[in-house]
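The values are calculated or read from the model by the stated rules, or taken from the named source; none is laboratory data. Computed from a predicted structure; not experimentally measured. When we count neighbours, we look across all protein chains shown, and the Cβ atoms used for this are built from the backbone with ideal geometry, even at glycine. Note: accessible area is taken over every heavy atom of the protein model, side chains too, but ligands, DNA and RNA are not part of it. Shrake-Rupley method; radii C 1.70, N 1.55, O 1.52, S 1.80 Å.
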Amino acid sequence: FDAINAEDASIAASIAAARPEICQAIELVVRALSAGGRLIYVGAGTSGRLGVLDAAECPPTFLVPKGLVRGIIAGGSQALTDSVEGAEDSVADGRAAVVAAEVEPNDVVFAIASGGTTPYVHGALQAAREGGAKTVFFACVPREQQLDDADVSIRVVTGPEVITGSTRMKAG
């Protein structure tokens, strides 16, 4: 317990270090929503589930119209409750998900990949940029470890996990 709690306490400093990029992303989303656009989270596994969860909570919490904030997860709705192995490995599927969501230039696609490498997420980013949408990339690794071409790149570097093999404990 103490080791996990001590590691979790380090997260606030990591978030504070990413403050400038977080503020840039907020400004990007505010401009998009003000122009009639949407916020669309894209992720896989736990990252995707957290994006979908946030999108689902926005209408009741902030009284925004359903669909203004949307979540897309690799593997579709089945991946919300079950592991859909391999769904995160397809760049083409990430691209197709953005096309299917009819992403437009006023939208912001907010890609979440805690380890930074998820092909599905990078495919979604590519398609969003090609469609003229603004993009945000969120990862928990330094940019030099995994590059991206998003308009805003947020890196909350959480460091190694307390329990080996878990990429989601501190990142989540």
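Which count do you get for residues in segment 1-30 that are closer than 21 Å to VAL109 by Cα and either free of Cβ contacts under 8 Å to residues at least 24 places away in the same chain or of a type in the set (A, V, I, L, M) (or both)? Steps first, answer last, please.
Of all residues in segment 1-30, those closer than 21 Å to VAL109 by Cα come to 15, 18-30.
So of that shortlist, the ones also either free of Cβ contacts under 8 Å to residues at least 24 places away in the same chain or of a type in the set (A, V, I, L, M) (or both) come out as 15, 18-20, 22-23, 25-30.
Of the residues in that region, 12 qualify.
Does segment 71-80 contain at least one residue that is over 21 Å from GLY116 (Cβ atoms) and not polar (S, T, N, Q)?
Here is the first cut: in segment 71-80, the residues over 21 Å from GLY116 (Cβ atoms) are 76-78, 80.
Filter once more, so that each one left must be not polar (S, T, N, Q): 76, 80.
Looking through segment 71-80, at least one residue is over 21 Å from GLY116 (Cβ atoms) and not polar (S, T, N, Q).
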Query raised in the report: Does segment 16-28 include one or more residues that are modelled with pLDDT under 95 and open to solvent by less than 40 Å² (accessible area, probe 1.4 Å)?
Result: no
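For residues that are small (Gly, Ala, Ser) and either assigned to a loop (DSSP other than H, G, I, E, B) or open to solvent by 90 Å² or more (accessible area, probe 1.4 Å) (or both), scanning just segment 50-88, find the one that is farthest from ALA139 (Cα to Cα).
First pass over segment 50-88, keeping only residues small (Gly, Ala, Ser): 51, 55-56, 67, 71, 74-77, 79, 83, 86-87.
Next, only the ones that are either assigned to a loop (DSSP other than H, G, I, E, B) or open to solvent by 90 Å² or more (accessible area, probe 1.4 Å) (or both) stay: 67, 74-75, 77, 83, 86.
Details: GLY67: 24, ALA74: 17, GLY75: 20, SER77: 23, SER83: 21, GLY86: 20 Å.
Of everything passing the filter in segment 50-88, GLY67 is farthest from ALA139 (Cα to Cα).
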Report summary line: The residue from SER34, SER90, SER77 that alone is within 27 Å of GLU161 (Cα to Cα) and among the polar types (S, T, N, Q) is SER90
Report summary line: Just one listed residue, out of ILE4, ILE15, ILE22, is under 15 Å from ALA150 (Cβ atoms) and of a type in the set (A, V, I, L, M), and it is ILE22
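Under the condition of being under 11 Å from PHE110 (Cβ atoms) and under 10 Å from the mean Cα position of the chain (by Cα), which residue from segment 36-46 is most open to solvent (accessible area, probe 1.4 Å)? Working first, answer last.
Step one: of segment 36-46, the residues under 11 Å from PHE110 (Cβ atoms) are 38-43.
Cutting the leftovers down to under 10 Å from the mean Cα position of the chain (by Cα) gives us 40-43.
Values: ILE40: 0, TYR41: 33, VAL42: 2, GLY43: 0 Å².
Once the filter is applied, the top-ranked residue is TYR41.
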Report summary line: Going through segment 89-104 in order, the residues found to be under 12 Å from GLY123 (Cβ atoms) and outside any helix (DSSP H, G or I) are SER90
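Any idea which residue in segment 119-146 is farthest from VAL42 (Cα to Cα), counting only those that are part of a strand (DSSP E or B) and either open to solvent by less than 10 Å² (accessible area, probe 1.4 Å) or among the hydrophobic types (A, V, I, L, M, F, W, C) (or both)?
Of all residues in segment 119-146, those part of a strand (DSSP E or B) come to 134-139.
From what's left, either open to solvent by less than 10 Å² (accessible area, probe 1.4 Å) or among the hydrophobic types (A, V, I, L, M, F, W, C) (or both): 135-139.
Working: THR135: 11, VAL136: 10, PHE137: 10, PHE138: 10, ALA139: 12 Å.
Ranking the candidates gives ALA139 first.
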Report task. Search segment 103-118 for residues that are under 17 Å from VAL157 (Cα atoms) and open to solvent by 10 Å² or more (accessible area, probe 1.4 Å) and pair each with any residue that is of a type in the set (Lys, Arg) and in a loop (DSSP other than H, G, I, E, B) when their beta-carbon atoms are under 7 Å apart and the residues are at least 6 apart or on different chains. Result -> SER114/ARG168
